[in-house]
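> Could you have a look at this structure, given as structure tokens, before my questions?
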Amino acid sequence: GAGVSQSPSNKVTEKGKDVELRCDPISGHTALYWYRQSLGQGLEFLIYFQGNSAPDKSGLPSDRFSAERTGGSVSTLTIQRTQQEDSAVYLCASSFSRGEAYNEQFFGPGTRLTVL
Amino acid sequence: GDSVTQMEGPVTLSEEAFLTINCTYTATGYPSLFWYVQYPGEGLQLLLKATKADDKGSNKGFEATYRKETTSFHLEKGSVQVSDSAVYFCAPIIGAGKLIFGQGTELSVKP
């Protein structure tokens with residue numbers, strides 16, 4: 001079956017521009033997560049969504065970062081006024097539910113963001 | 001706060017050698033524990049997991065045992081292959097689903 005998909009696979013932007021990254025989770029998965037993988041910080045949690053509950057935004061590094069999830073499915077991560085330190089691979093993951101902590105998270109291939 | 005410490009890489013081994021990658025964590029309560037693997041050019045995928053103390057997770061010849069008393073989850077394999085070359089991440093899961101990743105350990109297996 002189809003896995004988690006992300007688009008674009010690569011994004012190059014100029015400092016100060018806004019970018020939108022998209023994630024399509026596995027059909028039927030109710031939980032969706034965003035992580036960031038960078039050389040300096042490793043793999044870090046950003047935000048997660050579960051159904052209609054308020055998202056856990058505790059990992060967002062600044063107010064330039066925001067995310068939404070429409071209709072309980074597709075999610076968009078938006079970075080406003082990008083900075084060079086935002087350059088990283090942004091990973092999306094989904095899982096069946098939030099209620100069971102051992103549910104496997106399935107990861108997408110990531111979006112590589114480069115801010116010039 | 002919650003954190004994970006992994007053995008630093010890169011680790012370079014010859015084929016059929018024994019592998020240990022150490023992982024210790026600091027977390028509230030008794031989280032489920034995971035090892036994820038990232039093969040070259042591929043996405044993160046779950047390698048194995050353990051959900052309670054003394055559980056042993058295993059997959060593809062890899063094993064890790066949940067040690068509550070030492071808050072550790074060391075990854076082992078008795079005989080590595082070239083195809084095991086990848087980056088390995090230890091990760092407890094916090095609360096209702098937040099993975100806290102270690103810095104990753106790069107493994108390179110030479111024929």
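The values are calculated or read from the model by the stated rules, or taken from the named source; none is laboratory data. Computed from a predicted structure; not experimentally measured. Quick reminder, even Gly has a Cβ in these numbers, built from the backbone with ideal geometry, and neighbours come from all protein chains shown.
> Report those strands (runs of 3 or more DSSP E) wholly inside segment A:39-116 carrying at least 2 residues which are at pLDDT below 95, within 14 Å of chain B (Cβ to nearest Cβ) and surrounded by fewer than 19 Cβ atoms within 10 Å (Cβ to Cβ).
A:42-50
Rundown of residues vs (1) without any contact (Cβ under 8 Å) to a residue 24 or more places away in the chain; (2) outside any loop (DSSP other than H, G, I, E, B), yes/no style:
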position	(1), (2)
B:Tyr25	no, yes
B:Thr28	no, no
B:Phe34	no, yes
B:Val37	no, yes
B:Lys49	yes, yes
B:Ser58	yes, yes
B:Glu76	no, yes
B:Pro92	no, yes
B:Val109	no, yes
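> Cβ-Cβ under 7 Å, sequence separation 6+ or interchain: first residue in segment A:1-18 and over 19 Å from A:Ser75 (Cβ atoms) and touching a residue at least 12 places away in the same chain (Cβ under 8 Å), partner surrounded by 12 or more Cβ atoms within 10 Å (Cβ to Cβ) and among the polar types (S, T, N, Q). Which pairs?
Close Cβ pairs (under 7 Å, with a partner that is surrounded by 12 or more Cβ atoms within 10 Å (Cβ to Cβ) and among the polar types (S, T, N, Q)) amount to A:Val12/A:Thr114; A:Thr13/A:Thr82; A:Lys15/A:Thr82; A:Lys15/A:Gln83; A:Gly16/A:Thr82; A:Lys17/A:Thr82.
> Pick from B:Lys98, B:Lys56, B:Lys52: which is within 13 Å of chain A (Cβ to nearest Cβ), more than 22 Å from A:Leu43 (Cα to Cα) and of a type outside the set (Phe, Trp, Tyr)?
The match here is B:Lys52.
> Residue by residue through segment A:69-83, note down the ones that are within 10 Å of the chain's Cα centre (by Cα) and not hydroxyl-bearing (Ser, Thr, Tyr).
If the condition is that a residue be within 10 Å of the chain's Cα centre (by Cα) and not hydroxyl-bearing (Ser, Thr, Tyr), then A:Leu77 is the only one that fits.
> Filter segment A:8-49 for residues that are within 16 Å of A:Ser87 (Cα to Cα) and polar (S, T, N, Q) and give the result.
Scanning segment A:8-49 gives A:Ser9, A:Asn10, A:Thr13, A:Gln37, A:Ser38, A:Gln41.
For (1) buried (at least 19 other Cβ atoms within 10 Å of the Cβ); (2) at pLDDT 95 or above; (3) touching a His at 6+ places or on another chain (Cβ under 9 Å), each residue gets a yes or a no:
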residue	(1), (2), (3)
A:Pro8	no, yes, no
A:Lys15	no, yes, no
A:Ser27	no, no, no
A:Ala31	yes, no, no
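> Considering each of B:Gln103, B:Gln45 in turn, give the residue that is assigned to a loop (DSSP other than H, G, I, E, B), within 12 Å of the chain's Cα centre (by Cα) and either more than 14 Å from chain A (Cβ to nearest Cβ) or closer than 26 Å to A:Gly40 by Cα (or both).
B:Gln103
> Go through (1) among the β-branched types (Val, Ile, Thr); (2) surrounded by fewer than 19 Cβ atoms within 10 Å (Cβ to Cβ); (3) closer than 20 Å to B:Asp2 by Cα for B:Thr105 and report which single condition fails.
Single failed check for B:Thr105: (2).
> Can you tell which of A:Gly42, A:Gly72, A:Gly110 is at positive phi and free of Cβ contacts under 8 Å to residues at least 12 places away in the same chain?
On inspection, the qualifying residue turns out to be A:Gly42.
> Let me ask something else. Quick one: which residue in B:Val4, B:Val82, B:Val37, B:Val87 is aliphatic (A, V, I, L, M) and surrounded by fewer than 17 Cβ atoms within 10 Å (Cβ to Cβ)?
B:Val82
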